[in-house]
Structures are given as C-alpha cells and as structure tokens.
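For reference, the structure discussed in these notes is given below.
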C-alpha cells in the first residue's frame, strides 16, 4: 500500500510545484502563448470542474472541502483493501487521490483552485469559423481524469485472478458427485 500512496504524494508534489510556478511567473488572466493551440493562463476557480458553482456566494468552498475530504477517505480505504495483483486499479485510485488532495490544498489555503493550462484553437476557412476554448485546468485535474479513465478501463479488463479462481471453484462438481 505504501508504494501506491507514494504515487499519490508525488502527484500532489508535482501539482503544487507547478501551481506555485504558475502563480509566481504568470499574471492573472494574461495568456502566455506556447503554441497556436496551447497557452499558460493563470486563473482562479472557486467552483468545481468547468467552474461549476463558481458564481455562488462562498458556501461552495466549504462544500467542496468537505466533499473532497470524504472522497479522499473513501479512496484511502479502497487502496488499503486492494489485493497485491490489483496494480492498475491502485495506480488509478492514487492518481485520483493525489489530484484531489492537490486541489483540496488550494481550496483550504487560497479559497480557490489555481489553474494555468489552457488549450484553445481558432479555425477560419472562408466564411466558416470554429473556435474551441477548453476551460483552464491544472495537473491535479489531469491526474483525476487519467485516474478516472483508468478506473473505467479496469471495469472492462479481463477478470482478476481471484475472480477466475472463484468461478472455477464454483463450476467444479463437489467431491463424490459425477
């Protein structure tokens, strides 16, 4: 269990380090283009994903703090109960855990989550235009999404060793039966 929790600690450290860099080096809401489709843009999110509830009066901060603490305790218990062969799921859960703790730290310390990664694209062809502007996010959000996708994939993976063993044991006739 400790080696998996170390992954969560590394995720938290990377997230907080990059948020500190962004806060130190970037001006609030001023985009610094890196490519034609990616910029660093410092932003503060008082809501949840895609700024959900960000326009509320402040109660959402405490709601998200309590909710995140509850989810983190469930994730910790889940990781603790994993079997040794459940490595994929352990990595997934610890990525989600690390991302959640990184954003929790921001909410507790700052009252908002520091975001700085911004993907965007503007396409103009004759009279047809397409503007893609993804919400600004951070490494913690990326860890949470990667972990969630890994958890979804885990549901469709081949049966685990213990599940296969149990299924075989149930299908064998009892001693003395033919």
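The values are calculated or read from the model by the stated rules, or taken from the named source; none is laboratory data. No experiment lies behind these values; they were computed from the predicted model shown. Methodologically, a virtual Cβ is constructed for each residue, glycine included, from the backbone with ideal geometry; neighbour enumeration extends over all protein chains shown.
Quick rundown of the values:
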{"quantity": "Which numbered condition residue 141 fails, given (1) closer than 24 Å to residue 38 by Cα; (2) surrounded by fewer than 20 Cβ atoms within 10 Å (Cβ to Cβ)", "calculated": "(2)"}
{"quantity": "Extreme residue, modelled with the highest pLDDT, among residues of region 79-107 that are surrounded by fewer than 22 Cβ atoms within 10 Å (Cβ to Cβ), in contact with a helix residue (DSSP H, G or I) (Cβ under 6 Å, 6 or more places away or on another chain) and over 14 Å from residue 5 (Cα atoms)", "calculated": "104"}
{"quantity": "Residue 11 closer than 21 Å to residue 146 by Cα, out of contact with any strand residue (DSSP E or B) (no Cβ under 8 Å at 6 or more places or on another chain) and at pLDDT below 95", "calculated": "no"}
